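The block underneath contains the structure these notes are about, expressed in structure tokens.
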Amino acid sequence: VQLVESGGDLVQPGGSLRLSCAASESITNIFDMRWYRQAPGKQRELVASIRKSGSTNYADTVKGRFTISRDNAKNTVDLQMSSVKPEDTAVYYCYSLAYDGSSWGQGTQVTVSS
């Protein structure tokens with residue numbers, strides 16, 4: 001499956017942003033969809049994940065501020081970001097994990113700055 005992220009932008013601290021990940025085929029049977037991020041000079045880190053069942057997990061640094069959701073009808077996975085902080089600045093990547101393999105998107109840049 002091919003993944004394409006969109007929605008990255010420059011946003012002020014305390015603002016909101018919604019990222020979207022569009023899959024090239026049905027995600028109905030993809031058992032895990034995730035958002036990762038990588039800031040300059042840092043390792044890529046898991047931000048949030050959502051399973052086929054709908055169960056979600058979040059990094060402690062974003063818990064209560066970010067919400068991940070998936071729309072199996074539209075083959076999309078979104079990340080709603082609220083109360084953003086400068087430390088949320090990073091390239092955000094979409095990732096899918098299925099029984100027959102995994103895929104990464106190309107990333108979308110999020111910059112939090114006044």
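The table for this structure:
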quantity: Breaking point among (1) modelled with pLDDT of 95 or more; (2) under 16 Å from Trp104 (Cβ atoms), for Ile27; calculated: (1)
quantity: Number of the condition not met by Ser49 [criteria: (1) surrounded by fewer than 18 Cβ atoms within 10 Å (Cβ to Cβ); (2) assigned to a strand (DSSP E or B); (3) polar (S, T, N, Q)]; calculated: (1)
quantity: Number of positions in segment 70-102 that are hydroxyl-bearing (Ser, Thr, Tyr), open to solvent by 40 Å² or more (accessible area, probe 1.4 Å) and over 15 Å from Leu3 (Cβ atoms); calculated: 2
quantity: Sole exception among (1) part of a loop (DSSP other than H, G, I, E, B); (2) over 11 Å from the mean Cα position of the chain (by Cα) for Gly8, by number; calculated: (2)
quantity: Gly14 being open to solvent by less than 60 Å² (accessible area, probe 1.4 Å), assigned to a loop (DSSP other than H, G, I, E, B) and in contact (Cβ under 8 Å) with a residue 24 or more places away in the chain; calculated: yes
quantity: Every residue from segment 97-114 that is more than 15 Å from Ser16 (Cβ to Cβ), of a type in the set (Ser, Thr, Tyr), in a strand (DSSP E or B) and over 14 Å from the mean Cα position of the chain (by Cα); calculated: Ser102
quantity: Qualifying positions in segment 29-46 - open to solvent by less than 60 Å² (accessible area, probe 1.4 Å) and in a loop (DSSP other than H, G, I, E, B); calculated: Ile30, Phe31, Ala39
quantity: Residue that is nearest to Gln106 (Cα to Cα) [pool: residues in segment 70-96 that are of a type outside the set (Val, Ile, Thr) and part of a loop (DSSP other than H, G, I, E, B)]; calculated: Asn75
quantity: Hits in segment 52-69 (condition: at pLDDT below 95 and either in a strand (DSSP E or B) or open to solvent by 60 Å² or more (accessible area, probe 1.4 Å) (or both)); calculated: Lys52, Ser53
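The values are calculated or read from the model by the stated rules, or taken from the named source; none is laboratory data. Note that the coordinates shown come from a computational prediction; the quantities given were computed from them, not determined experimentally. Glycine gets a Cβ as well: all are built from the backbone with ideal geometry, and neighbour counts include every protein chain shown. Quick note on the areas: whole protein, heavy atoms, side chains included, nothing else; ligands and nucleic acids left out. Shrake-Rupley method; radii C 1.70, N 1.55, O 1.52, S 1.80 Å.
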